[in-house]
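What follows is a single structure, written as structure tokens, with notes after it.
Just so it is clear, none of the values below were taken in a lab; they were calculated from the coordinates. Given the structure is predicted, the values throughout are model-derived calculations rather than measurements. Methodologically, a virtual Cβ is constructed for each residue, glycine included, from the backbone with ideal geometry; neighbour enumeration extends over all protein chains shown.
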Amino acid sequence: MLPPEQDIARKAFDTISEAQEAKSIPELEAVFAESLAPLGVDVFVGVQIADPLRDRQVEVTFGRTHEAWYSHYQAEGHAARDPVVREMLRSTEPLFWSDLPARRGGLKPEEARVMEEARSFGLHEGLMTPLHHVDGSVSAVLLMGERMASDAPDTRAALHLLSIYYGSLARKLRQSEHEAARQTAKLSTRQLECLRWAREGKSSYVIGQILSLSARTVDEHLATACKKLGVHTRMQAVAQALLLGLLERTTP
């Protein structure tokens, strides 16, 4: 049973006030979990599409996710047919899943399949709050759950408010963490150049031709970058460097 409407509003504002004091994302998650759980929210995450024009790969950047659903979602390539992602890319307005059938002619069969499979994982309702960035990337906060209610206006307003503040505060904390990580990584100019071309799918040989280096030297630069970024492969290094803001999202 949901708390009374006046309690929902008061708890939302109390949560936002308390969350301002969080020093890390885990602390922030603990504060919001206490307020979101009574509203039926089991999953609350920040997601990002780094390059919407190139692909629709949805990456969880912070929060408490549903590991089984996320693994299934990625394995099935659902981002390409997810109606929530569709609305995330084209709109700046928040969206409750239950409102999808009324949006722009309803759901296509492949979109309805994604939502049906989400329900089979216990995710019956959700709220997506999008944010479009000046660099072309798109991010959003997703709230999801099995018993998440969205029929009462005050509940909707509280969920939207909590979603906005959770995303804002988490991004601020994440930026601070990334700044510290950037200072630790300290990639050289050559390492960054190799990573930029690796992002374009170039082999070590081709990168070497472009930069007037041997393929072996390129491999050494990429291996060092991997070590500094704490990853194992060049593609993981590219992804981590993008997340840290070390690479431009344009072709070198």
Please report how far the C-alpha centroid of region 24-70 lies from that of region 128-193, rounded to the nearest whole angstrom. 8
CD proxy, 222 nm, the chain: helix-only mean residue ellipticity via -39,500 (n - 2.57) per DSSP H run with n ≥ 4, per residue, nearest 500, stands at -17000 deg cm²/dmol
Decide, for region 5-180, between rounded, prolate and oblate: order the square roots of the alpha carbon gyration tensor eigenvalues as a ≥ b ≥ c, take rounded if a/c falls under 1.5, and otherwise choose prolate if a/b is larger than b/c, else oblate. oblate
Mind giving me the nanometre distance, one decimal, between the label points for residue 188 and residue 231, set 7 Å out from Cα along Cα→Cβ? 2.0
Counting only pairs 8 or more residues apart or on different chains, how many lysine pairs in the chain have their Cα atoms under 22 Å apart? 7
Can you tell me which of 222-231, 141-150 comes out highest on packing, and rank the rest after it, using the mean Cβ neighbours within 10 Å? 141-150, 222-231
Along Cα→Cβ, 7 Å out, is where each label goes; now give me the distance between the ones at residue 93 and residue 149 in nm to one decimal. 2.5
For residue 21 and residue 156, FRET efficiency with R0 = 35 Å and r from the beta-carbon atoms, rounded to 0.05? 0.85
Take the alpha carbon atoms of region 76-108, find their center, do the same for region 200-220, and report the distance between the two centers in whole angstrom. 41
Quick one: length gained pulling residue 168 to residue 200 fully straight, 0.36 nm per residue minus the C-alpha distance? 8.4 nm
Pop a pseudo-label 7 angstrom from the Cα along the beta-carbon direction at both residue 102 and residue 61 and give the gap in nm to one decimal. 3.0
Dividing the mean separation of Cα pairs under 8 Å (6+ apart) by the residue count of the chain yields a relative contact order in percent of 19
Tilt relative to the chain, helix 189-199 - C-alpha long axis, 0 to 90 degrees, to 10: 60
